[in-house]
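Quick note: the coordinates plus some simple rules give every number you see, no bench work behind them. All of these numbers come straight from a predicted model, not from anything done at the bench. For neighbour counting, all protein chains shown are included, and Cβ atoms are generated from backbone atoms with ideal geometry for every residue, glycine included.
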Amino acid sequence: MHTTTVQSSQANQDLLERFEAVRGCRHHFPLLRQRVNGKPLVYFDNAATSQKPQVVIDATLRYYEEENSNIHRGVHYLSERATQAYEGVRVKVQHLLNAAHQREIIFVRGTTEGINLVAYSYGRTIVGAGDEVLISAMEHHSNIVPWQILCEEKGAKLRVIPINDRGEIELADYEKLLTSRTKIVALTHVSNALGTINPVKTMVAMAHAHGIPVLLDGAQAVPHMKVDVRDLDCDFYVFSAHKAFGPTGVGILYGVTKLLDAMPPYQSGGDMIKSVTFEKTIYNDLPYKFEAGTPNIGGGIGMGAAIDYINEIDLASLAEYEHELLAYATRGVAEIPGLRIIGTAREKASVLSFVIDGIHPHDIGTILDDEGIAIRTGHHCAQPVMQRFGVPATARASFAFYNTKEEIDVFLAALHRVREVLA
Ligand code: PMP
């Protein structure tokens, strides 16, 4: 008994030390030092976009100051240097996701473009009249609309896996929807509106048992957890750099070679070709076949610096710390009369969506902004989720590892004031 107590107090001490190390990272983010409306900024809109550490800002600046040049084309010093730096990022992403090959890493503009690429290129070759595309009821619009357009064009049907009142997928409902008509499953790894972490590894295995490929939308997963695409065994995985401490305008589509190889180009032009005559164009090999035109080179290099940064922090401690923040905030908001949390899944990332009786979420957002607190209000690009829970909008606080319990205290006090002023 005594040994157990000593061990558990040692474990608590270790946890505190690891949390202290995570919290110590806050000073790497210069933007967080500012005041908004005369108050210290409390940035709780991390699911929309994360802040950037100084190393990412410096790497992007350095590219423009010292390396700026177009890639893949030049024989001169600068072009070779920029090409090396940019292609080096592909290798970093390969390792980050544990992909088998560099050629499976395609630079895109972000999650949205990655999904569109798969829907337009792969979708158009495999989906026909009477077929089905399966998504879930908690998808972001970017994982709904491209499939809807595809289905309309092909005379196919968009089927939707329902979610329960906690905002979770019931695997029995999912299983029933996997049929010989299903041509692809497109599923979010973590919901931006509810915070739900889906059991994607199981869901991929279930789809594969029917021979159905799976695309995972990792926009909200990569910033919070270790993602291993080979362990998940997914066919496609997409994410945006800007939600994972990197710049805007750049992201990644991972795809397994077998599928990418067989897919037609999505966009065409320079860089995606081997040779062009007026009679015929021979396309380039992977990954370049899907990378037409000059990419966001500076952004890509910034993403590389963000990946180096992520690799240096301990992702497991980070996830535990964020979980602690979420639990603390969840306990705190439970004391606010009339407040209802939307999204109470058992497995959740650090997203707290809520409504308060009789108060419009936009009014909550405005009052919090007066206090220097940035949260998101609206439908979070997931209108079907709002419809499922019968609300027009929610207020959403989303945490990153640089946030603190002290900030949550400020947020909770402001929410109490919102009630006093508006209820
Ligand atoms: N999917 C999810 C789950 C998201 O949260 C977002 C961004 N809110 C997107 C897709 C779209 O990402 P982006 O706007 O960076 O393309």
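Quick look at the numbers
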item	result
Selection count where residues are surrounded by 14 or more Cβ atoms within 10 Å (Cβ to Cβ) and among the charged types (D, E, K, R), scope the range 59-79	2
Lone qualifier among Asn46, Asn37, Asn68 - being in contact with a helix residue (DSSP H, G or I) (Cβ under 9 Å, 6 or more places away or on another chain), on the phi > 0 side of the Ramachandran plot and polar (S, T, N, Q)	Asn37
From the options Val238, Val229, residue that is away from the ligand (no atom under 16 Å from the Cβ) and in contact with a Leu (Cβ under 8 Å, 6 or more places away or on another chain)	Val229
Residue check for Thr60: assigned to a helix (DSSP H, G or I) and closer than 30 Å to Gly293 by Cα	yes
Residue match in the range 398-413 (condition: surrounded by fewer than 23 Cβ atoms within 10 Å (Cβ to Cβ), touching a residue at least 24 places away in the same chain (Cβ under 8 Å) and more than 25 Å from Phe29 (Cβ to Cβ))	no
Any hit, the range 397-418, residues being charged (D, E, K, R) and either in contact with an Asp or Glu (Cβ under 6 Å, 6 or more places away or on another chain) or within 14 Å of Ala193 (Cα to Cα) (or both)	no
Wholly enclosed strands (runs of 3 or more DSSP E) of the range 259-351 bearing at least 3 residues under 26 Å from Ser191 (Cα atoms)	339-341
Hits in the range 134-157 (condition: near the ligand (Cβ under 10 Å from one of its atoms) and either without any contact (Cβ under 8 Å) to a residue 60 or more places away in the chain or surrounded by fewer than 18 Cβ atoms within 10 Å (Cβ to Cβ) (or both))	His141
Yes/no for Ala99 being within 27 Å of His141 (Cα to Cα), surrounded by 19 or more Cβ atoms within 10 Å (Cβ to Cβ) and either of a type outside the set (Asp, Glu) or within 16 Å of the ligand (Cβ to nearest atom) (or both)	yes
Residues (in contact with an Asp or Glu (Cβ under 8 Å, 6 or more places away or on another chain) and away from the ligand (no atom under 16 Å from the Cβ)) located in the range 111-123	none
